[in-house]
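What follows is a set of notes on a single structure, which appears directly below.
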Amino acid sequence: MLFFDLKTAVSALQVVIPIHTRSLFSIRKVSQYLPPLKTYFFFTQPVIKLNNGVDMPAFGFGTWLAEPGVVGESVRLALKCGYKHIDCAAIYENEPEIGNVFGPLFSSGEYNRKDIFITSKAWVSEFKNIEGACKKTLSDLQLEYLDLYLLHLPFETENGVNIGYNAERIQKAWESMEDLVAKGLVKSVGVSNFTILKLEELLKHSPKLVPACNQVEAHPYLPQKRLHAFCKEKGISIMAYTSLGNVNRPSMFKYTCEDPVLLEDPVVKKVAERNNATVAQVLLAWALATGFGVIPKSVREERIKENLDAIKVNLSAEDLQEINSITIRHRYLDQNWALTPGQKAEELWDGEMLE
Ligand SMILES: NC(=O)c1ccc[n+]([C@@H]2O[C@H](COP(=O)([O-])OP(=O)(O)OC[C@H]3O[C@@H](n4cnc5c(N)ncnc54)[C@H](OP(=O)(O)O)[C@@H]3O)[C@@H](O)[C@H]2O)c1
C-alpha cells in the first residue's frame with residue numbers, strides 16, 4: 001500500500017510541478033525503486049521551462065529530410081505515440097503536408113492544440129520579411145499561432161547570394177521576431193546555430209526579449225559545454241539537434257569525407273548494453289540528462305517509438321561520466337555554405353566548431 005502511495009505521490013508531483021530535466025533526474029532517483037515510469041497513472045513527459053515561463057516539452061520530433069508523402073504520416077504516428085513537440089522549418093519544404101495533418105487533427109478535437117508544442121524557423125532569405133515568413137508558415141501548417149519561432153541561422157542570403165553574418169541586420173530581424181510575440185502570432189521566440197559571440201552581440205542591445213531557446217547541434221561528439229554554460233547563465237534553453245549523428249543525410253549536406261558514426265560508438269554501445277537500451281536511446285537520454293531538449297527524426301514507426309522510450313532510460317552518474325569522457329569531436333552540419341570568401345569554418349563558428 002505504501003508502495004502504491006509513493007508511486008501516486010511521485011506521479012502527482014510530476015503533474016503539479018513543471019519538471020525541468022534536472023528535477024526529472026531527482027524524481028528518477030526516487031523512481032528507481034518503482035516500476036517503469038510509463039506505468040504511472042499521471043506520467044507526464046519532461047519539460048523545459050523557458051525564460052518567459054512557458055513549458056516546452058523537452059522531447060520533440062524532427063521533420064528535416066522526412067520526404068513529401070512520408071512526413072505527414074510520420075508526424076501523425078509521432079503524435080499517436082505520445083510526442084508533444086513537433087519541430088518544423090520552412091526550409092524543410094514539407095510544412096504544407098504537415099499542415100494537412102495538423103489541420104484536421106486539431107479542428108476535429110482529436111488533439112487539443114494547447115497540448116502540442118509546435119516550433120518552426122525563419123529561413124535565412126527571409127530575415128527582412130519575418131512577419132511574412134511567419135504568416136506563410138502558419139498558413140502552411142494550418143495553425144493560428146506557433147509555440148516557438150526561431151531565426152534558423154545567424155547568417156543571411158540576399159537575392160540568393162550568401163552575405164554571411166551581419167550583427168546589425170540580425171538585430172533588426174530579432175526586433176521583428178519580438179513583434180510577432182506582441183501580435184500573438186507566436187508564443188516564444190528563439191534562435192538556432194548561434195555561438196556565444198553572436199548571442200552576446202544580440203544581448204548587448206538589451207532586447208525586449210531574451211531568446212527563449214538556442215537550437216544547436218549537440219551530442220557526445222559535440223557536447224557544446226561552453227555554449228551550454230553561457231546559455232544557462234543567460235536563461236536560454238538548448239534544444240539539441242542531430243543527436244543521433246545524422247550520417248544518412250544526403251551527400252550535399254556532407255562537407256567532410258569521413259563521418260565518425262555516432263550510433264556505432266563503442267563507449268555508448270557499452271552503456272546501452274548495461275542499461276538494456278539501444279544506442280539511440282542512450283544518446284537521447286544523455287542529452288536529456290545533460291539538460292538539453294531533443295528532437296530526433298525518424299519516418300519508421302518502430303524507431304519513432306524506440307526514440308521516445310529514451311525518456312525511460314535512467315543513466316547513472318557513471319554512465320554519464322563514461323560518455324562525457326569520449327574525446328572524439330565532430331560537427332555533422334558545419335554549414336560551410338555560409339562561409340564568405342576567405343573565411344574558415346572555425347571563424348564561422350567563432351571558435352566553437354569542435355566543442
Ligand atoms: N536548426 C537547425 O539548423 C537544424 C539542423 C538539423 C536538424 N534540425 C532538426 O533536428 C531534427 C533532428 O536532427 P537530424 O534529422 O539531423 O538527425 P537525427 O534525428 O539525429 O537523425 C536522423 C537520422 O537517424 C535515423 N534514425 C532515427 N532514429 C533512429 C534509431 N532509433 N536508430 C537508428 N537510426 C535512427 C533516421 O532514419 P529514418 O528516418 O529512416 O528512421 C535519420 O536518418 C531534424 O529533423 C530537424 O527537425 C535542426
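The values are calculated or read from the model by the stated rules, or taken from the named source; none is laboratory data. Please read these numbers as outputs of a predicted model, since none were measured by experiment. Cβ sites come from the backbone with ideal geometry, for glycine too, and all protein chains shown count toward neighbours.
Can you confirm whether the stretch 249-258 contains a residue that is within 20 Å of GLN224 (Cα to Cα) and assigned to a helix (DSSP H, G or I)?
no
Looking only at residues that are among the aliphatic types (A, V, I, L, M) and more than 15 Å from the ligand (Cβ to nearest atom) in the stretch 256-282, which one is surrounded by the fewest Cβ atoms within 10 Å (Cβ to Cβ)?
Going through the stretch 256-282, the residues among the aliphatic types (A, V, I, L, M) turn out to be 261-263, 267-268, 271-272, 277, 279-280, 282.
Retained after the next criterion (residues that are more than 15 Å from the ligand (Cβ to nearest atom)): 267, 271.
Details: VAL267: 17, VAL271: 24.
Going through the qualifying residues, I end up with VAL267.
Taking the residues in the stretch 192-215 that are farther than 13 Å from LEU50 by Cβ and near the ligand (Cβ under 10 Å from one of its atoms) as candidates, determine which candidate is nearest to the chain's Cα centre (by Cα). Break it down stepwise before answering.
Within the stretch 192-215, the first condition is being farther than 13 Å from LEU50 by Cβ, and the residues that meet it are 192-208.
Within this subset, residues satisfying the condition of being near the ligand (Cβ under 10 Å from one of its atoms) are 192-193.
Numbers: SER192: 10, ASN193: 11 Å.
Applying the filter and picking the extreme gives SER192.
Is it true that some residue in the stretch 121-138 is farther than 15 Å from ALA89 by Cα, touching a residue at least 24 places away in the same chain (Cβ under 8 Å) and polar (S, T, N, Q)? First the steps, then the outcome.
Residues of the stretch 121-138 that are farther than 15 Å from ALA89 by Cα, as a first pass: 128-129.
Add one more test, that the residue is touching a residue at least 24 places away in the same chain (Cβ under 8 Å), and what stays is 128.
Narrowing further to those that are polar (S, T, N, Q): none.
No, the stretch 121-138 contains no residue that is farther than 15 Å from ALA89 by Cα, touching a residue at least 24 places away in the same chain (Cβ under 8 Å) and polar (S, T, N, Q).
Search the stretch 283-299 for residues being over 16 Å from LEU222 (Cβ atoms) and in contact (Cβ under 8 Å) with a residue 40 or more places away in the chain, and hand back the single one that is farthest from the ligand (Cβ to nearest atom). If you could, list the steps in order and put the result at the bottom.
If we filter the stretch 283-299 for residues that are over 16 Å from LEU222 (Cβ atoms), which is where we start, we get 285, 288-289, 297-299.
Still in the list and also in contact (Cβ under 8 Å) with a residue 40 or more places away in the chain: 288-289, 297-299.
Values: LEU288: 14, ALA289: 17, LYS297: 3, SER298: 3, VAL299: 4 Å.
Here the residue is ALA289.
Among the numbered criteria (1) part of a helix (DSSP H, G or I); (2) free of Cβ contacts under 8 Å to residues at least 60 places away in the same chain, which single criterion is violated by ILE304?
Tallying (1) part of a helix (DSSP H, G or I); (2) free of Cβ contacts under 8 Å to residues at least 60 places away in the same chain, ILE304 fails exactly one: (2).
Conditions: (1) within 11 Å of the ligand (Cβ to nearest atom); (2) in contact (Cβ under 8 Å) with a residue 12 or more places away in the chain; (3) surrounded by fewer than 21 Cβ atoms within 10 Å (Cβ to Cβ); (4) of a type outside the set (S, T, N, Q). ALA310 meets all but one. Number of the miss?
Only one criterion in (1) within 11 Å of the ligand (Cβ to nearest atom); (2) in contact (Cβ under 8 Å) with a residue 12 or more places away in the chain; (3) surrounded by fewer than 21 Cβ atoms within 10 Å (Cβ to Cβ); (4) of a type outside the set (S, T, N, Q) is unmet by ALA310, namely (3).
Name every residue in the stretch 102-125 that is surrounded by fewer than 21 Cβ atoms within 10 Å (Cβ to Cβ) and outside any loop (DSSP other than H, G, I, E, B), in order of residue number.
GLY103, PRO104, LEU105, PHE106, SER107, ARG113, LYS114, ASP115 - these are the residues of the stretch 102-125 that are surrounded by fewer than 21 Cβ atoms within 10 Å (Cβ to Cβ) and outside any loop (DSSP other than H, G, I, E, B).
I need a count of the residues in the stretch 299-355 that are of a type in the set (Val, Ile, Thr) and under 22 Å from VAL267 (Cα atoms). Give the steps one after another, and end with the answer.
Step one: list which residues in the stretch 299-355 are of a type in the set (Val, Ile, Thr), which gives 299, 304, 311, 313, 323, 326-328, 340.
Still in the running and under 22 Å from VAL267 (Cα atoms): 311, 313, 323, 326-328.
Total meeting the criteria: 6.
For ASN166, work out the one condition from (1) over 19 Å from ILE196 (Cβ atoms); (2) in contact with a strand residue (DSSP E or B) (Cβ under 7 Å, 6 or more places away or on another chain) it doesn't fulfil.
ASN166 satisfies every listed condition except (1).
Across the stretch 169-182, what is the total count of residues that are surrounded by fewer than 19 Cβ atoms within 10 Å (Cβ to Cβ) and within 16 Å of the ligand (Cβ to nearest atom)? Break it down into steps so the answer makes sense when it comes.
So in the stretch 169-182, the residues surrounded by fewer than 19 Cβ atoms within 10 Å (Cβ to Cβ) come out as 169, 171-172, 175, 178-179, 181-182.
Retained after the next criterion (residues that are within 16 Å of the ligand (Cβ to nearest atom)): none.
Number satisfying all stated conditions: 0.
Which ranges mark the helices (runs of 4 or more DSSP H) fully within the stretch 1-95 that have 1 or more residues being at pLDDT below 50? Before you say what the answer is, go through the steps one by one.
Values: elements: 2-16, 21-31, 71-81.
Result: 2-16, 21-31.
Which one of LEU185, LEU146 is within 15 Å of the ligand (Cβ to nearest atom) and of a type in the set (A, V, I, L, M)?
Numbers: LEU185 fails: within 15 Å of the ligand (Cβ to nearest atom).
Criteria check complete, one pass: LEU146.
What tally of residues in the stretch 49-77 results from selecting those that are crowded, with 19+ Cβ neighbours inside 10 Å, over 15 Å from GLY293 (Cβ atoms) and more than 9 Å from the ligand (Cβ to nearest atom)?
Final tally of qualifying residues: 3.
Just give me the residues in the stretch 166-215 being touching a residue at least 60 places away in the same chain (Cβ under 8 Å), under 18 Å from LEU348 (Cα atoms) and not basic (Lys, Arg), in sequence order.
Those that are touching a residue at least 60 places away in the same chain (Cβ under 8 Å), under 18 Å from LEU348 (Cα atoms) and not basic (Lys, Arg): SER192, ASN193, THR195, ILE196, LEU197, GLN215.
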